[in-house]
Amino acid sequence: MVDTLVTGGAERLVVTFAKAARNRPDVHLTVFVLSAGGTPFCAELEQLGVEVVYLPGKSLIDPVRFFHAVWELKSRSIEYVHAHLISSTVVGGYAAALLGIPFATTIHNVKASTARVGKARGYLYRSVLRMTRTTRIAVGQAVAQAARADTGGRDCIVVPNAVAPDAIASPDVRETIRAEMGVARETVVIAVGAIIGQKAYDDLLTAFSSVAKHAPDAVLWIAGNAPEPDRFENLQEQSRASGLEEKVKFLGLRRDIPALLRAADIFVSSSHWEGLPVSVLEAMANGLPCVVTDVGDNARVLTETGCPVVPARQPGLLAEALVEMLGDAEARNRIGRAAQRRVQEQYGVDSWVERLMQIYGEGARK
């Protein structure tokens, strides 16, 4: 069960699991979505033959939606509910408790979730996390530690995110995409993620205005939808005011992220908080050196790769790391290969699915 299937790391993981588990004889998968359909991820699941049930509601505590969810779970003889994100945790958690179905929820972000939502929503979310029957899964060690405030000190099982095979593009697409994007000898820095406050793209633009002075051939691509129009307009104005109109491209929501990563030279993340970002893992899998902020499990993921990890909210330090990486193509290639090896060895889909299946089995036996 997931809040939406619009875009984002949690949503991508639902699709990744569906692709990996749909042909297993021990799995009959139904995806419940607490919103309407019509998104690329919805279409992708339906094309795979995965059953998708849409449960849009007027609010989190919409009683019609809740009892619809209960009815759907019961009528389909669902034996295990795994939720992602806050609303699905609340709806799925209470529905599963009412029906006596084993329940798990994955916590995706290091930022205390209840610090970002209303009091009532936060109370309901915490109450589910603290239920005896709830299995709490965290995507990384930093997330597990941060979640203790919401779980009432209860432990989480750490299951790091994984990279799907189809998130890795062929190296052959590089020149094609670069030609389409109108770049030749330029060095491309790419950021991937929705244009929201968490991603701190204002910090990135501040850093890049300094980068442009030292690396005139550098360009920046930002790939992600803009759910907050005012924030997007502010970033566009910041880009213009900094003289970066020709250097920065806002690409919007893209379905060819792996190809864009292959076409780029450096991945950057300026986030103020994260969990274990799927975007970082996908960049690594496509052989990109990463320059990221020290949030969530970023530093742990990039261990022994040589990728710079800088403090969040420090655009000057982010700029310095980017300038250094831009100035050394040999180092970029070496670090990119190390990052790729790291993700291949530690963040594969098969072991991720097997761990989740083990958790489901243990929950069903309780």
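Residues in the stretch 44-73 that are over 22 Å from the mean Cα position of the chain (by Cα), in a loop (DSSP other than H, G, I, E, B) and surrounded by fewer than 18 Cβ atoms within 10 Å (Cβ to Cβ): how many?
7
Select the helices (runs of 4 or more DSSP H) contained entirely in the stretch 74-191, then report the ones holding at least 1 residues which are under 21 Å from the mean Cα position of the chain (by Cα) and more than 29 Å from ASN225 (Cβ to Cβ). Break it down stepwise before answering.
Values: elements: 86-99, 119-129, 141-151, 173-181.
Fully inside the stretch 74-191 and qualifying: 141-151.
Pull up the stretch 237-264, narrow it to residues that are out of contact with any helix residue (DSSP H, G or I) (no Cβ under 7 Å at 6 or more places or on another chain) and charged (D, E, K, R), then point me to the one that is surrounded by the most Cβ atoms within 10 Å (Cβ to Cβ).
The qualifying residue surrounded by the most Cβ atoms within 10 Å (Cβ to Cβ) is LYS249.
Among the candidates LEU5, LEU34, single out the residue that is touching a strand residue (DSSP E or B) at 6+ places or on another chain (Cβ under 8 Å), surrounded by 22 or more Cβ atoms within 10 Å (Cβ to Cβ) and over 20 Å from LEU356 (Cβ atoms).
None of the others qualify; the one that does is LEU34.
Could you tell me which residue of the stretch 28-43 is farthest from LEU55 (Cα to Cα), considering only residues that are among the polar types (S, T, N, Q) and outside any strand (DSSP E or B)?
Only one residue tops the list, namely THR39.
Within the stretch 20-49, which residues are modelled with pLDDT of 95 or more, touching a helix residue (DSSP H, G or I) at 6+ places or on another chain (Cβ under 8 Å) and within 23 Å of GLY361 (Cβ to Cβ)?
Scanning the stretch 20-49 gives LEU29, VAL31, PHE32.
Would it be correct to say that GLY252 is free of Cβ contacts under 8 Å to residues at least 60 places away in the same chain and closer than 19 Å to GLU11 by Cα?
Working: free of Cβ contacts under 8 Å to residues at least 60 places away in the same chain: yes; closer than 19 Å to GLU11 by Cα: yes.
In short, yes.
The values are calculated or read from the model by the stated rules, or taken from the named source; none is laboratory data. Remember, it's a predicted structure, so these values are computed and weren't measured experimentally. Quick reminder, even Gly has a Cβ in these numbers, built from the backbone with ideal geometry, and neighbours come from all protein chains shown.
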